[in-house]
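Beneath this line is the structure, given in structure tokens, with notes to follow.
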Amino acid sequence: MNIPSTLASLIAFAVTLIGSAVADPAHTAGRKPLLVYILAGQSNMEGHAEVRVMDYMSEDPATAPLLAAMKDEDSRHRTIDDTWISFLTGENGRIDGGNREVYGQLTTGYGSQGGRDYSKPGRKIGPELAFGITLQQHLKQPILIIKAAWGGQSLYSDFRSPSSGPYEFNEANAKRFDTQEKKQKLREATGRRYRQMVEHVDAVLKDLKRVVPDYDEASGFQLAGFVWFQGFNDMVDRSTYPNRDQPGGFDRYAEWLANLIRDLRKDLEAPELPVVIGVMGVSGPLELVPDRYRSTHTEFRRAMAAPAILPEFEGTVAAVQTAPYWDVALGAIDTKREQMRSKAHSLRTKNSNHENADGSMTPEDIQRFMREYERTLFTKEERDLEQRAKSNAGYHYLGSAKTYSQIGQAFANAMLQLSKP
């Protein structure tokens, strides 16, 4: 059908107007910039909660709404609107530069990747999912999470930032680094993860459309915050912190963490970057920590939180205690598991080939004994709870999706408080 020339002209003019409106910056002025949050640390920032234990969150009114945001009524895993993630981590545990990235719209599976092929999200979650959900619910604007986390990494070495200088050898770690080869290897490793983190952030920011396909260049982006969740390797290191169970035993950790915050702000050219410190809380509240470890946990938690009270960081750095989110019921079950491990070790030692062993029990006898011991030690309710709620060890918060999600939510709420005008 032929359109009269006058009508055709009007349509062409209207199309031109529409095209101009789309391209005109005045029409994009109302759009909000992409908010970029950096999450960094070691295995607990990676996250070791298997997705199979997520449904346990429905049993607690405090976490049921988070689960509803993660999964729909048909148990399908949701993708979080306007929220993306780029996760840099190690490949198959390698530490020689074998890093891989997994990225996309935020959903389940951006926890520890466990040596998978990295072509899509895996089978675990960490704090990132609830962190992104909580921020999106409050801010309702484009969000990008850049996560850089590797298991088994320290602040004293791996994440050591430039201002902390080279690793300092001392009398306490002389046996640990007793050759020039070991010392040189440590020197080369020092600061490696810090550098990789900064380099990855820079690389993502230079090509945001790769990770965030509909990134609006006219609206731009804003570095909105940094979350640090690390510590286990430092907490258990006797050689770097020889007086770790004494007051002030972890003062160097507090010093190095403050340096990391200063250096990161300088390297990213973000002098007021809001920072949230996730204070290590494995084993839960201090009264639940075994006596022989309690002073060490006390001093380490104090050192982790210390930068938040420095005058120079007032109003821009906050410490979040993660111990309150420890699952006490699961922790009690884990304590019984430790009893079982101790009993089995005792029986194997007593009935070994050692000259002081009596050898009265065969390996089959020990297995039968341990099966009966387990039946008397655990109730059916405890075994059922363990199966549906726990997926990892105590140093990984028992692999509890409920715990990691509450921690991620707490990180987001603290970040929102820091970002208030």
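The values are calculated or read from the model by the stated rules, or taken from the named source; none is laboratory data. Note that the structure is a prediction, hence the values are computed from the model and not measured. Backbone-built Cβ (ideal geometry, glycine too); neighbour counts: all protein chains shown. Accessible surface areas use protein heavy atoms only, side chains included; no ligands, DNA or RNA. Shrake-Rupley method; radii C 1.70, N 1.55, O 1.52, S 1.80 Å.
Things worth noting here:
- Largest to smallest in accessible area, the residues F169, F159 fall in the order F169, F159 (1.4 Å probe, all protein chains included).
- Mean separation of Cα contacts under 8 Å, 6 or more apart, over the residue count of the range 154-224: relative contact order %: 37 percent
- Peptides 197-205, 179-187, ordered by how many other C-beta atoms sit within 10 Å of their residues on average, highest first, read 197-205, 179-187.
- Packing-based order for 121-134, 53-66, using average beta carbon neighbours within 10 Å, highest first: 121-134, 53-66
- Computed from backbone phi with θ = phi - 60° and the Karplus coefficients 6.51, -1.76 and 1.60, the 3J(HN,Hα) list for the range 369-382 is 4, 5, 5, 5, 4, 5, 4, 7, 7, 10, 7, 4, 4, 5 Hz; x is used for glycine and proline.
- With R₀ fixed at 35 Å, the C-beta to C-beta distance from A64 to L286 puts the FRET efficiency at about 0.75.
- Full extension of the chain between E382 and R238 gives 48.3 nm of extra length, using 0.36 nm per residue less the Cα-Cα distance.
- Using the Cβ-Cβ distance between A218 and L416 with R0 = 35 Å, the FRET efficiency computed as 1/(1 + (r/R0)^6) comes to roughly 0.85.
- Note: relative contact order over the range 346-421, using C-alpha pairs below 8 Å and six or more positions apart, is 12 percent.
- Structure-derived mean projected area of the Cα convex hull in nm²: which label, when the choices are [x] 22.4; [y] 29.3; [z] 38.2: [y]
- For the chain, with all protein chains in place and a probe radius of 1.4 Å, 52% of the accessible heavy-atom surface sits on carbon or sulfur.
- Reducing the range 216-243 and the range 283-311 to their Cα centroids gives an inter-centroid distance of 17 Å.
- Sparse-neighbour loop sites [GluC sites (Glu not before Pro); the range 310-344; at most 16 other C-beta within 10 Å; DSSP]: E314
- Calculated FRET value between E272 and I309, using beta carbons and R₀ = 25 Å, to 0.05: 0.90
- Taking only the Cα atoms of the range 286-390, the ratio Rg/Rh comes out at 1.20, with Rh defined as the Kirkwood radius.
- Placing +1 on the Cβ of every Lys and Arg and -1 on the Cβ of every Asp and Glu, with nothing else charged, gives the chain a dipole about its Cα centre of roughly 520 debye.
- Heavy atoms of the protein chains alone define the surface here; on that basis the chain has 50 Å² accessible area per residue at 1.4 Å probe size.
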